[in-house]
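Written out below as structure tokens is the structure these notes cover.
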Amino acid sequence: MSFFSPARVLAILAKEFIQLRRERLTYAMILVFPVVQLLLFGYAINDLPRHLPTAVLVQEDSTFARSILAAVKNTAFFDLVAAARTPAELDDMLRRGQVQFAVTIPGDFSRRVIRGDRPQILVEADASDPTATGGAVSALAGLPAQALERDLTGLPQGRGRSVEPFEVVVHNRYNPESITAYNIVPGLLGVILSMTLVMMTGLGVTRERERGTMEFLLSTPAQPLEVMVGKLAPYVVVGLIQTSIILVLAKGLFDVPMAGGWAGLGLGIFLFIVGSLTLGFLISTLARTQLQAMQMAFFYMMPSILLSGFIFPFRGMPLWAQAIGSAIPVTHFLRIVRGALLKGQSLADAWPSLCALAIFVCVVSALAMLRFRRTLD
Amino acid sequence: MTLAIDVAGLSKSFGGRRVVEDFAIQLETGRICGFLGPNGAGKTTTLRMLCGLLTPDSGHGTCLGFDIGAQADEIKRRTGYMTQRFSLYEDLTIEENLTFIARVYGLDRRGERVGEALKALGLEARRRQLAGALSGGWKQRLALAGATLHEPKLLLLDEPTAGVDPRARRTFWDEIHALSRKGLTVLVSTHYMDEAERCHEIAYIAAGRLLARGTADEVVEKAHLATFRGEGAGVDRLSPELAGKPGVESVAAFGPTLHVSGPDPAALEAAIAPYRRAPFVWTKVSPSLEDVFIHLMGRVEEGSAPGAGAGR
Ligand SMILES: Nc1ncnc2c1ncn2[C@@H]1O[C@H](COP(=O)(O)OP(=O)(O)OP(=O)(O)O)[C@@H](O)[C@H]1O
Ligand SMILES: [Mg+2]
């Protein structure tokens, strides 16, 4: 007898390969995972987001104003998607997250340019996601020198000017210092919650099947919905504890502002926890082994981190990636959490995201109930 | 008498392979029926179909008067099913497991019932021990206590005494008989012949088909099997020689004696004729249940029509 036998190693190796080949899901994971990751990193992540939705409030309809807006648009960083009539309306659009930027061209603008007063154009940026706004803001630097060049030639003030005809003032709203932690920490709440909750419930039911206790459970009068609710309820508590820990740390360690919006935040957290749990339950009805459940949970986490706006700005992603991102609860949850903590969004502001989460919960639990088999067939 | 189990035509396939085929059984209330058959015969599958854990591909019938398809919930509520593999929670304590069962069946006087069950089991002192830490035999006994906690009308037991010591097995069977006197119906699968003999009646299944049905004596009688018992010093050494002879279907040593069986008494007689010499003594005996089962098993393997041995 030798202590190391290559033959035995080969035997084991061959057996492992056979087992691996039979584990079709692992197989798929091995192949699909790198491809998906490559695609996501290669195409979906665009760290200088362009075509960010922008609202304008033009208080003076003039050639100059039109030229400036055209120049803003030409930077390719801004898409002028909405025109506000009042400052309040503009502010509203920004707070609701409908636009990333709000541009105000003040009244009396042309006259003051011609007088050489250097009037100001106000650009307000929603900096709750600073990575999204950074590129666009720097693109504004060249604006004053170039935007009115053509309009001003021929005018006496335009000839041989050394000073720029107007000023662009950028206001970073909601996260004035553009502190990344303000953006990342609330995002982490979503990622940590879904990672642990999806995985824990995913494993919970699969474990029953693997250990044989499912046979016992199914022979009792317990109903599928009872099983689901009974299994998930404890994890709601787990989720709430995790939430409290993260929020306390966010405040204590990172000094993340808590602007309010508690109603929306509370409802959002609840829906998100329930959504993650039902998804875990759905996974457990699909997976045959705990390993498969782990892999599925992992597979779900990848787009949740990459496509939700957690790390990379949502608006920087191509449309197909945004479409995938919109189907992921983390995306909506992040909007709710950031909106509440950084902007103090009201319940009404958070409504679209809350609805998206609610729809997710309903669809996923319906699927889970359909999939949950009451027999061992 | 009413029928506690009345099913017919039950079939089940897994991945295209017939595992149970055209299975029919009727069992009167209050009877104990032993369910026997070789490994892989389809016993577990049949028990699962009876309590709604598997959907039969075809067939119909009732358990406790409820349809096995449409009223599985009603059946589950009134049936205690003990799985072949321990299926209570190993990471719960003994008491927690019983309490869970009491809850899930919505029993009243939960604490009392659990306490009684623990006392009957003799596990009061170890109530806080994890079920997973119990020895195999104790797990079986806990599982049985779990299956009877909600006072079911029908007990489906899948090899309940596998790995249980003789004294505990006797206690177990005394308990089963006591329950049956109170009107409980029991269908119990087992591989032990002595247990088969303690049942009111038996059902023998092989390769998914019911081959024999009736009391132990009836099954032996209907098998039309001839058996000779050989005695005398060294008789057991004849076994390899005899096994190959025409007319001999099975040869089995029982301690110092040898059982030689075959379907045709004349051929069997001829086969042992050369060995009718001192010190051997041959007597024609009535075959044991085991002889009969081995005989039935052999016929299925040969692929001969299994219908002949069945009936009731
Ligand atoms: N879920 C399943 N999927 C595929 N095949 C199965 C399944 N369950 C049982 N079988 C097959 O059905 C046949 C009958 O199995 P079953 O467990 O009913 O036998 P059994 O009589 O209980 O055997 P044992 O005495 O070994 O417990 C076996 O060949 C088994 O491989
Ligand atoms: Mg079995």
inquiry  = Being modelled with pLDDT under 85 and either surrounded by fewer than 22 Cβ atoms within 10 Å (Cβ to Cβ) or not assigned by TED's automatic domain parsing to the domain that holds A:Leu57 (or both): is that true of A:Arg150 here?
reply    = yes
request  = Test A:Pro257 against the stated conditions and say whether it is modelled with pLDDT of 80 or more, within 14 Å of chain B (Cβ to nearest Cβ) and not in a helix (DSSP H, G or I).
outcome  = no
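On the basis of being buried (at least 20 other Cβ atoms within 10 Å of the Cβ), over 15 Å from A:Thr375 (Cβ atoms), out of contact with any helix residue (DSSP H, G or I) (no Cβ under 9 Å at 6 or more places or on another chain) and small (Gly, Ala, Ser), does B:Gly42 make the cut?
On the way: buried (at least 20 other Cβ atoms within 10 Å of the Cβ): yes; over 15 Å from A:Thr375 (Cβ atoms): yes; out of contact with any helix residue (DSSP H, G or I) (no Cβ under 9 Å at 6 or more places or on another chain): yes; small (Gly, Ala, Ser): yes.
Here the answer is yes, as B:Gly42 does meet what is asked.
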ask   = Just for region B:84-110: of the residues that are open to solvent by 20 Å² or more (accessible area, probe 1.4 Å) and within 16 Å of ligand 1 (Cβ to nearest atom), which one is nearest to the other protein chains (Cβ to nearest Cβ)?
value = B:Arg85
query = Taking B:Lys12 and the conditions (1) without any contact (Cβ under 8 Å) to a residue 24 or more places away in the chain; (2) over 25 Å from B:Met193 (Cα atoms), which numbered condition does it fall short on, given that it satisfies the others?
reply = (1)
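Quick one: which residue in A:Arg315, A:Arg374 is open to solvent by 60 Å² or more (accessible area, probe 1.4 Å), in contact with a Leu (Cβ under 7 Å, 6 or more places away or on another chain), over 22 Å from A:Leu286 (Cα atoms) and among the basic types (Lys, Arg)? First the steps, then the outcome.
Numbers: A:Arg374 fails: over 22 Å from A:Leu286 (Cα atoms).
When all the criteria are applied, what remains is A:Arg315.
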remark   = Flagged in region B:181-200 as more than 15 Å from ligand 1 (Cβ to nearest atom) and open to solvent by less than 10 Å² (accessible area, probe 1.4 Å), in numbering order, are B:Thr185, B:Val186
inquiry  = Going residue by residue through region B:48-58, is there one that turns out to be buried (at least 21 other Cβ atoms within 10 Å of the Cβ), over 18 Å from the mean Cα position of the chain (by Cα) and near ligand 1 (Cβ under 9 Å from one of its atoms)?
reply    = yes
query = Among the residues of region B:201-228, how many are on the phi < 0 side of the Ramachandran plot and open to solvent by less than 30 Å² (accessible area, probe 1.4 Å)?
reply = 17
task = Hey, can you tell me all the residues within region A:71-122 that are of a type in the set (Phe, Trp, Tyr) and either open to solvent by 30 Å² or more (accessible area, probe 1.4 Å) or farther than 21 Å from A:Ala259 by Cβ (or both)?
result = A:Phe77, A:Phe78, A:Phe109
note = When B:Arg31 is run through (1) within 14 Å of the chain's Cα centre (by Cα); (2) among the basic types (Lys, Arg); (3) within 14 Å of another protein chain (Cβ to nearest Cβ), the failure sits at (3)
note = For A:Val123, the lone unmet condition from (1) under 20 Å from A:Thr63 (Cα atoms); (2) hydrophobic (A, V, I, L, M, F, W, C); (3) in a helix (DSSP H, G or I) is (3)
message = So A:Arg288 passes all but one of these: (1) touching a Ser or Thr at 6+ places or on another chain (Cβ under 9 Å); (2) outside any helix (DSSP H, G or I); (3) open to solvent by 50 Å² or more (accessible area, probe 1.4 Å); (4) under 21 Å from A:Gly268 (Cα atoms). Which condition number does it fail?
response = (4)
query = B:Lys153 is checked against (1) in contact with a Leu (Cβ under 9 Å, 6 or more places away or on another chain); (2) within 16 Å of ligand 1 (Cβ to nearest atom) and fails just one. What number does that condition carry?
reply = (2)
message = Checking A:Ala132 against (1) touching a Phe, Trp or Tyr at 6+ places or on another chain (Cβ under 9 Å); (2) open to solvent by less than 10 Å² (accessible area, probe 1.4 Å); (3) in a strand (DSSP E or B): exactly one of these is not met. Which one?
response = (3)
request  = Looking only at region B:34-53, decide whether some residue is more than 16 Å from ligand 2 (Cβ to nearest atom) and more than 11 Å from chain A (Cβ to nearest Cβ).
outcome  = no
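Being closer than 21 Å to A:Pro119 by Cβ and open to solvent by 60 Å² or more (accessible area, probe 1.4 Å) is the filter here; which residues of region A:50-70 pass it? It would help to see each step written out before you state the result.
Quick first cut of region A:50-70, residues closer than 21 Å to A:Pro119 by Cβ only: A:54-70.
Listed by number, the residues that qualify are A:Gln59, A:Asp61, A:Thr63, A:Arg66.
Of all the residues that make up region A:169-207, how many are within 14 Å of chain B (Cβ to nearest Cβ) and either in a strand (DSSP E or B) or at pLDDT 85 or above (or both)?
Step one: list which residues in region A:169-207 are within 14 Å of chain B (Cβ to nearest Cβ), which gives A:203-205, A:207.
Then keep just the ones that are either in a strand (DSSP E or B) or at pLDDT 85 or above (or both); that gives none.
So the answer is 0.
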note = Per the list (1) within 16 Å of ligand 1 (Cβ to nearest atom); (2) more than 13 Å from chain A (Cβ to nearest Cβ), residue check on B:Lys119 breaks on (1)
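Does B:Ala145 qualify as being in a helix (DSSP H, G or I), under 24 Å from the mean Cα position of the chain (by Cα) and away from ligand 1 (no atom under 16 Å from the Cβ)? Reasoning before the result, please.
Values: in a helix (DSSP H, G or I): yes; under 24 Å from the mean Cα position of the chain (by Cα): yes; away from ligand 1 (no atom under 16 Å from the Cβ): yes.
Criteria met by B:Ala145.
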note = Of the conditions (1) under 15 Å from A:Ile269 (Cα atoms); (2) in contact (Cβ under 8 Å) with a residue 12 or more places away in the chain; (3) surrounded by fewer than 21 Cβ atoms within 10 Å (Cβ to Cβ), the single one that A:Cys355 does not satisfy is (2)
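Name the residues in region B:63-83 that are of a type in the set (Phe, Trp, Tyr) and within 9 Å of chain A (Cβ to nearest Cβ), would you? Give the steps one after another, and end with the answer.
Of region B:63-83, the ones of a type in the set (Phe, Trp, Tyr) are B:66, B:81.
B:Tyr81 - this is the single residue of region B:63-83 that is of a type in the set (Phe, Trp, Tyr) and within 9 Å of chain A (Cβ to nearest Cβ).
The values are calculated or read from the model by the stated rules, or taken from the named source; none is laboratory data. Model, not experiment: these values are computed from the prediction. Positions of Cβ are generated from backbone atoms using ideal geometry, with glycine treated the same way; all protein chains shown enter the neighbour counts. Heavy atoms of the whole protein, side chains included, go into the accessibility calculation; ligands, DNA and RNA do not. Shrake-Rupley method; radii C 1.70, N 1.55, O 1.52, S 1.80 Å.
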